[in-house]
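Quick notes on the structure that follows.
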């Protein structure tokens, strides 16, 4: 008898983020498979989140579907995004996606780049419980 192993959630979406992604996907049409999220080296803090529309998930991409929204995660970003909550916030001057990431250890003053570390066993344990 095998016991199923729980996989940690790479990322969750708030209702606001899911609604915004779903809305934009509807505008883009059926050729868009989802919002692809990754990370790249750059900026004064060392790394930046990337977001782009994808026509199809890659072979090793993680796919998250929530409330009609689809997010595709680049496999190179998974260890840096484990346990992250993606939100969409609107205020008087801006409307933007916000990442509440337990693996983020700092950010630059302008907020364009972040310092990320790979998930630790403690982070993985938290993500499994979520």
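Quick note: the coordinates plus some simple rules give every number you see, no bench work behind them. Keep in mind that this is a model prediction, so the values were computed, not measured.
For the range 11-116, the antiparallel share of DSSP beta bridges with both residues in that region comes to about 80%. By its C-alpha gyration tensor, with a ≥ b ≥ c as the square roots of the eigenvalues, how is the range 11-116 shaped: rounded for a/c under 1.5, else prolate for a/b larger than b/c, else oblate? Because a/c hits 1.5 or more and a/b fails to exceed b/c, the range 11-116 counts as oblate. Contact order, relative form, for the range 11-116: 31 percent (alpha carbon pairs under 8 Å, 6 or more residues apart, mean separation divided by residue count).
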